[in-house]
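What follows is one structure encoded as structure tokens, with my remarks underneath.
The values are calculated or read from the model by the stated rules, or taken from the named source; none is laboratory data. Keep in mind that what you see is a predicted model, and the values were worked out from it rather than measured. With ideal geometry, Cβ positions are generated from the backbone for all residues, glycine too; neighbour counts draw on all protein chains shown.
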Amino acid sequence: MAKASPGVQALRDVVEKVYAEAREAKKRGEPVGWSSSKFPCELAEAFGLHVVYPENQAAGIAANRDGELMCQAAEDLGYDNDICGYARISLAFAAGKRSANKFDPKTGEYIIDPNSGKPLKDADGKKVIDPATGKPKKDPKTMKPYSYLEDLNEIAALPDGVEKERRTAALKHYRQMIMPMPDFVLCCNNICNCMTKWYENIARMHNIPLIMIDVPYNKTDNVEESNVKYIRSQFDHAIEQLEKISGRKFDEKKFEKACENANRTAKAWLKVCDYLQYKPSPYSGFDLFNHMADVVTARGRVDAAEAFELLATELEEHVKNNTNTLPFPEKYRIMFEGIPCWPKLPQLFKPLKANGLNITAVVYAPAFGFVYNGLDEMVRAYCKAPNSVCLEKGVSWREGICKENKVDGLLIHYNRSCKPWSGYMPEMSRRLSKELGVPAAGFDGDQADPRNFNAAQYETRVQGLVEAMETNASAKGK
Amino acid sequence: MAINTIIDEFKQVAANPKKQLLAYKAQGKKAIGVLPYYAPEELVYAADMVPFGIWGTNDKTISLAKEYCATFYCTIAQLALEMLLDGTMDELSGIITPVICDTLRPMSQNFRVAMDKKMAVIFLAHPQNRFDAAGKQFCIDQYTNVKKELEKISGKEITVDALANAIKVYNASRKARREFVKLANEHCDVITPTIRSAVLKASWFMLKDEYTKKLVELNKELAAMPVAKWNGVKVVVSGIIYDSPALLKALEDNHVAIAADDVAHETRAFRIDAPEGVDPMTALADQFANIDNDVLLYDAESAKNNRGDFVAKLCKDSGAQGLILFMQQFCDPEEMEYPYLKKALDKAGIPHIKIGVDQQMRDFGQAATAIQAFTESL
Ligand code: SF4
Ligand code: SF4
């Protein structure tokens, strides 16, 4: 992997810090919250409470290839496999399920998975072929043990001794797997109603308070006064509850600071997204999927704002110097609809790279660009989640970014996990395709459960899209 | 009237909603389709129109709806759309589309787009934080929108008196249905699962005053009969809907009687009355606020297992030996609450089974086998 630029590195560090600080807070005995991604984080920030984000965690667990293991664990607890993969992963985690490295119980040695790891490269950077098999050799340093499902409660119940030590040591240690358990939960159903029962389940498991902000689905383009009043009043109630949890009074100054940071982050995020309009784009829109972690987990923090601003200056330089960080030459520009299939990122990327398809539009750009002034506007901002707006609004959002970022085609992820997102996608795709005069192709997948993704179907659909874009381009006389 | 005559009438209505719709049409009445869940039908009734329940169908397969919907959605929502698209529901003057689950949210958009030229589509978002003044006010605002849209369709204002009267009519109907559910348990030899289902299902397709009149009569007849000596098993049924004739037959074949239900299409829809003698719009919001122990609604006492305990108690109180959960495929609200329902049932020592169903299922062989095995274990 190429070395990250200072801006990208700063963004990574911020997320790392959010997790690390939450772990430290937990150690100090402070309450730590779990929050849905579009709960108004400004409220918790006003109390200096540490909060982590199960959706971001689940995405990370899925990207670390533990999605299936954890989804399966949730299913064994009785949660059906139709339920959103994020929710399943999170519920399994909340119940104490963990991914661990497999070891031999007799020797304690880890059992290495021969299929894991990266290809071994020689001094010239070429893949070393194993003469026995004719296949590339694996770099032993990158090979990993098999994973197995562990249960924290079982470990805790063990008597002190070798087994307990080994099983504890075998637990995986990446940040999403060591996220602290919750002392309270912050639920905002602007993205989905699945959230409501998911967080209730966590509250029950841990016998902890739940703060609920209900943001009703919106039928029109604008947010009506009635909705604003209802949600405002819930903010007030949430503040009372947070006062109890934190044992502190609402700190107006801190709140304002958090709002200021959130606005600054949102603006810088939008600015970064905006660079995708250049042709060729100075970076791959695929990167935005990674940077989303910052808008989700840290948008109320000044370091997130600063990191995005730093990245923006880097992109500005690239534009000025006519350089870019694209991993392949850009031939076509596409919108990627939906959340990516985290467990399958390499497979997702492969045909895009092979065909020179750069993602220059993702709906997350406007979806997280909460810029507001004052509490009522803040309420309105939180009403604008991808899954809480009407079809027309959804189309106009996408149309806007697709036009600005000069998109040649649409790649639509029918995400099995996310019912609210995928529910009007066929109509959305028809409208968008017609308005923009560009082809659309859909594929079936899942953001977290690898069992619902079919690489062959995906590749065929991408191929179909490429052909349709070619036809379209020659018709337009390009 | 003889008990069988009344039952037959209910059966006719339940099996033939379309005929019912045409009959109302012929009387010069307008009808409004009411999708699940918790739409204030009282408003439709007060507007002198016929509220007509739309809960999918057991007689169709998804075809036209595919244009709008990926496969991983419940058949209830998809078949509702199918019936709207294929002309089955053309006689409706409008529909009300609540958005309380993640399927109904985007589906409300599909309904609107697909019915654009055919009929009015009235959007309704309920509040989840429904208990305090702000939640109730939001509910009233939403209901007021629905009211205005209905007035446009009917061409006349819904007066306070008409609405207060509608609430009375509905409270009476809910009371009669609750009474019937109790009597059906006591007289499960007469009121088989098929009959019980038909009687309750008919309520979705009849004007409630007509319906209640018949049901009160039936209740009277039942009350006069000696309590059944039942040798089969008794269960509580839970889930969204279980009205497929083949499924009901499978219950009967295995001598299963329904002691009570925790079913959205049945008791969950009539457990709570609206207060009378207060401002009727406030009364409707109060009624919604008082609905609880429901997989679709936020539980303010989240850390407790209220709904699970409630259903377990229902089993005990109704004298059921076990519970059958008919799980609608792709219904995540039901699926999400299953582990804690199971926990509560296990704690209370109530055996249960979960049987997956959907409305395109035609072969219930497996379900029947599962039911048989379950009843034998009780
Ligand atoms: S919005 Fe979709 S993906 Fe996110 S938690 Fe809800 S159902 Fe899952
Ligand atoms: S509650 Fe379940 S069955 Fe009902 S519409 Fe929603 S997903 Fe479908």
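Side notes on the structure shown:
- Scanning the stretch B:60-112 for residues that are more than 28 Å from residue B:48 (Cα to Cα) and more than 10 Å from ligand 2 (Cβ to nearest atom) yields a total of 14.
- Restricted to the stretch A:362-397, and to residues there that are within 19 Å of the chain's Cα centre (by Cα) and part of a helix (DSSP H, G or I), the residue that is modelled with the highest pLDDT is A:382.
- Scanning the stretch A:127-171 for residues that are exposed (fewer than 10 other Cβ atoms within 10 Å of the Cβ) and basic (Lys, Arg) yields one hit, A:141.
- Extreme residue, farthest from the other protein chains (Cβ to nearest Cβ), among residues of the stretch B:110-126 that are in a loop (DSSP other than H, G, I, E, B) and without any contact (Cβ under 8 Å) to a residue 24 or more places away in the chain: B:117
- With respect to the conditions (1) more than 14 Å from chain B (Cβ to nearest Cβ); (2) closer than 19 Å to residue A:37 by Cα; (3) part of a loop (DSSP other than H, G, I, E, B), residue A:270 lacks only one, and its number is (3).
- Hits in the stretch A:356-396 - residues which are within 14 Å of chain B (Cβ to nearest Cβ), within 16 Å of ligand 1 (Cβ to nearest atom) and closer than 28 Å to residue B:71 by Cβ: A:385, A:386, A:387, A:388, A:389, A:394
- Options A:461, A:416: the member that is within 16 Å of ligand 2 (Cβ to nearest atom) and on the phi < 0 side of the Ramachandran plot: A:416
- Given (1) away from ligand 1 (no atom under 16 Å from the Cβ); (2) touching a residue at least 12 places away in the same chain (Cβ under 8 Å), index of the condition residue A:52 fails: (1)
- Residue that is over 18 Å from residue B:242 (Cβ atoms) and within 16 Å of ligand 1 (Cβ to nearest atom), where the choices are B:332, B:309: B:332
- Complete set of residues in the stretch A:345-355 that are over 26 Å from residue A:397 (Cβ atoms) and touching a Pro at 6+ places or on another chain (Cβ under 9 Å): A:353
- Verdict on residue B:296 being within 16 Å of ligand 2 (Cβ to nearest atom), outside any strand (DSSP E or B) and closer than 30 Å to residue B:136 by Cβ: yes
- Conditions (1) within 14 Å of another protein chain (Cβ to nearest Cβ); (2) in contact with a helix residue (DSSP H, G or I) (Cβ under 8 Å, 6 or more places away or on another chain): number failed by residue B:315: (1)
- The set of residues in the stretch A:239-274 being over 22 Å from residue A:371 (Cβ atoms) and within 29 Å of the chain's Cα centre (by Cα) consists of A:239, A:241, A:242, A:245, A:246.
- Condition check for residue A:424: aromatic (Phe, Trp, Tyr), within 14 Å of ligand 1 (Cβ to nearest atom) and touching a strand residue (DSSP E or B) at 6+ places or on another chain (Cβ under 8 Å): no
- For beta carbons closer than 7 Å, sequence separation of 6+ or different chains, a first residue in the stretch A:183-210 that is facing another protein chain (nearest Cβ under 7 Å) and a second that is surrounded by 24 or more Cβ atoms within 10 Å (Cβ to Cβ) and of a type in the set (Ser, Thr, Tyr), the qualifying pairs are A:189/A:196; A:198/A:90; A:200/B:302; A:203/B:302; A:204/B:302; A:210/A:199; A:210/B:302.
- Residue in the stretch A:186-195 that is assigned to a helix (DSSP H, G or I) and on the phi < 0 side of the Ramachandran plot present: yes
- Subset of the stretch B:321-378 that is in contact (Cβ under 8 Å) with a residue 40 or more places away in the chain and of a type in the set (Phe, Trp, Tyr) - its residue that is farthest from residue B:309 (Cα to Cα): B:364
- Checking each residue in the stretch A:158-182 for being farther than 29 Å from residue A:368 by Cα and in contact (Cβ under 8 Å) with a residue 24 or more places away in the chain picks out A:162, A:163, A:166, A:167, A:170, A:171, A:172.
- Any chance residue A:234 is part of a helix (DSSP H, G or I), surrounded by 22 or more Cβ atoms within 10 Å (Cβ to Cβ) and within 14 Å of chain B (Cβ to nearest Cβ): yes
- Elements of the type helices (runs of 4 or more DSSP H) sitting completely within the stretch B:173-291 and holding at least 3 residues that are out of contact with any strand residue (DSSP E or B) (no Cβ under 8 Å at 6 or more places or on another chain), within 16 Å of ligand 2 (Cβ to nearest atom) and of a type in the set (Phe, Trp, Tyr): there are none.
- Put simply, of A:445, A:409, A:437 the only residue that is within 28 Å of residue A:88 (Cα to Cα) and either within 16 Å of ligand 2 (Cβ to nearest atom) or at pLDDT 95 or above (or both) is A:445.
- Looking only at residues in the stretch A:77-117 that are more than 16 Å from ligand 1 (Cβ to nearest atom) and closer than 28 Å to residue A:423 by Cβ, the one that is farthest from the other protein chains (Cβ to nearest Cβ) is A:77.
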